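Report on one structure; see the data block that follows.
Coordinate-derived values only; no laboratory data. Model, not experiment: these values are computed from the prediction. Positions of Cβ are generated from backbone atoms using ideal geometry, with glycine treated the same way; all protein chains shown enter the neighbour counts.
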Amino acid sequence: MLGLKLPTDPRWVNLAERDLEEILTDHAYCELKAATSCISLIQQYSEKEELVKELSPIVTEEWGHFRQVIRELDIRGLKLGKQRKDEYVNQLMDFMKKGGSREDRLIERLFVCALIEARSCERFRLLSLHISAPELKEFYHKFMVSEAGHYRLFLDLANKYGKTEKNKIRWQEYLNREAEIMANLEERGDRMH
């Protein structure tokens, strides 16, 4: 369903659960960044009525997700750590075409957002299936379902505002680049991506 070309090794979950404080911290900041990305898109493309209508509730949802992760940290007696550089996201953003029309730049941003949501969804699925804490299985299952919907929404918006054939080609380029990024990143359990 997600079209990712390089799946995460399920053993990543073993790395992630070694230090729940770190993975929950990174997860919290991912949710916060997702909310701010949607806000930024709304601010920059306020004339795109469907985009504003569709992304507005996502802002609220992502903020709610941030609060849920903070609550999970509190329940476990853990602290929100410092935000760290997200090499995965930075490399995806470096792949964005510079210049072009305003609409072209919108499509590029929507594709990056879609890929981030897709990879998060895939990782949440792994956590929901393989993490040893039973209460976290359901916790991550809910996030997986949500991220799948966001992934689809970003792709649908890209196809609404972009040229379909051009979008198909560019999306495949993004999928190929994302696989290269994943293949070259160090496998770390303290990062969602």
Taking 0.36 nm per residue of separation between Lys33 and Asp19 and subtracting their Cα-Cα distance, the length gained on full extension comes to 2.9 nm
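Kindly put Arg119, Arg67 in sequence by how many other C-beta atoms sit within 10 Å of each C-beta, fewest to most. Walk me through the numbers before you get to the answer.
On the way: Arg119 24, Arg67 12.
Ascending Cβ contact count within 10 Å gives the list Arg67, Arg119.
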Computed over the chain, the relative contact order (Cα-Cα under 8 Å, seq sep at least six) in percent reads 35
Per the C-alpha gyration tensor (a ≥ b ≥ c, the square roots of its eigenvalues), the stretch 1-76 is rounded if a/c is under 1.5, else prolate if a/b beats b/c, else oblate; here it's oblate
Of the stretch 109-152, those with amide N under 15 Å from the point 7 Å along the Cα→Cβ vector of Ile75 are 128, 131-144
If each part is reduced to its alpha-carbon centroid, the stretch 31-80 and the stretch 129-193 end up apart, in Å, by 16
Computed from the beta carbon distance with a Förster radius of 22 Å, FRET efficiency for Gln44 and Asp156 to the nearest 0.05 stands at 0.70
If one builds a Gaussian network model of the chain from Cα atoms under 10 Å apart, the most fluctuating residue listed among Ser40, Ser132, Ser101 is Ser101
